[in-house]
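The values are calculated or read from the model by the stated rules, or taken from the named source; none is laboratory data. Remember, predicted model here, so these are calculated numbers, not experimental data. Heads up, the Cβs are rebuilt from the backbone with ideal geometry, glycines too, and the neighbour counts pull from every protein chain shown.
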Amino acid sequence: MARLRQVALDAAAAGLFVFPVRAGAKIPAFHGDTRCRRRGVCAEGHHVWEQRATRDRVQIRRWWSNTTRWNVGVACGPSGLVVIDLDVSTEPIHAWGGATTGREVLDQLAARHGDTPLRTYAVRTPTDGEHLYFRVPEGLQLRNTIGGHGHSLGPLIDTRAGGGFVVGAGSVRPEGAYQVAEHGRVAELPTWLATLLAPPPVPSPQATPTKGLSTKRANAYIAAIQADELDKVECAQAGTRQITLLDAARVFGQLVGGGELDADNAYAALLGAAEAHIGVAGFTRAEAERTIARGMAFGMRAPRTIDRGTGTHVHEM
Ligand SMILES: [Zn+2]
């Protein structure tokens with residue numbers, strides 16, 4: 001559609017590296033490694049969305065033809081961006097003064113660091129979330145974080161940087177549109193935030209033990225990953241079951257994003273594993289479903305593929 005093509009061209013003109021995202025889903029529109037035919041852009045090896053994201057107007061016009069209606073993905077790493085993804089919750093978070101939005105948590109964090117509420121280019125998401133765009137200071141390498149987890153800023157706040165993407169303003173989902181909430185320039189990431197987001201001293205290595213597995217071995221490998229995660233969920237103690245479920249859903253989401261797993265099957269498997277906890281010590285089905293959806297959505301934005309040599313499927317892009 002011409003409108004989304006213009007959205008993509010405008011984003012590129014503003015300096016963002018863009019790529020097509022499937023309409024209605026936060027999944028890149030490219031073929032995954034499993035379906036790669038090692039030709040074209042992948043002639044020298046499979047290229048993932050982060051490598052293919054571009055500001056090239058010719059390429060953008062090719063992707064957003066008159067017959068395609070892709071949403072506009074913004075690759076944070078290549079764009080030199082960190083995007084703070086602020087969520088909303090129906091339950092007040094007592095540790096943060098009863099906050100129900102990531103924005104409130106972020107404002108409190110800013111105040112603690114002697115800063116005023118942050119202002120920068122921002123996009124409102126169809127689910128009432130907010131994406132705050134910041135330029136990453138020169139020389140700093142940031143990766144994604146997930147709210148309330150490990151190296152994160154706080155509850156209801158995820159961040160997308162290298163390895164992450166966001167759906168840009170002007171894109172549309174069944175729930176509604178992504179709209180600019182605050183116009184103007186993308187501000188530089190404040191130093192206090194950069195310090196909080198800087199990678200830990202011992203970064204986990206990006207291991208690639210799966211290079212060039214045969215299809216059979218790759219499938220066994222994927223099955224083992226799933227079984228391991230589902231086991232962890234089933235065996236989780238009451239105190240850690242939600243975090244364990246969120247982690248498992250993230251891992252499944254990454255494989256869904258990479259085209260390795262079917263989203264519905266992944267969701268069903270996770271819910272099946274969570275079943276043992278539902279109704280125990282106050283854990284509800286709604287909570288399980290919400291946790292799975294959230295973890296999968298996060299994982300899908302960092303797609304993971306298993307290299308199993310040249311596939312035989314025809315692909316679109
Ligand atoms: Zn490929």
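The table below gives the values:
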quantity	calculated
Residues of the range 140-161 classified as within 21 Å of residue 26 (Cα to Cα) and modelled with pLDDT of 90 or more, total	6
Restricting the range 291-310 to residues that are surrounded by fewer than 18 Cβ atoms within 10 Å (Cβ to Cβ), assigned to a loop (DSSP other than H, G, I, E, B) and of a type outside the set (Asp, Glu), the residue that is modelled with the highest pLDDT	309
Count of residues meeting criterion [under 23 Å from the mean Cα position of the chain (by Cα) and modelled with pLDDT under 90] in the range 37-70	2
Residues of the range 252-272 satisfying the condition of being more than 13 Å from residue 291 (Cα to Cα) and surrounded by 19 or more Cβ atoms within 10 Å (Cβ to Cβ)	254, 255, 256, 257, 258, 259, 260, 261, 266, 269
The range 121-133, residues that are part of a loop (DSSP other than H, G, I, E, B), buried (at least 18 other Cβ atoms within 10 Å of the Cβ) and β-branched (Val, Ile, Thr)	125
Residue in the range 77-90 that is free of Cβ contacts under 8 Å to residues at least 24 places away in the same chain and either under 23 Å from the mean Cα position of the chain (by Cα) or over 30 Å from residue 197 (Cβ atoms) (or both) present	yes
Strands (runs of 3 or more DSSP E) lying entirely in the range 8-109 (those with 3 or more residues that are more than 16 Å from the ligand (Cβ to nearest atom) and within 15 Å of residue 163 (Cα to Cα))	71-75, 81-86
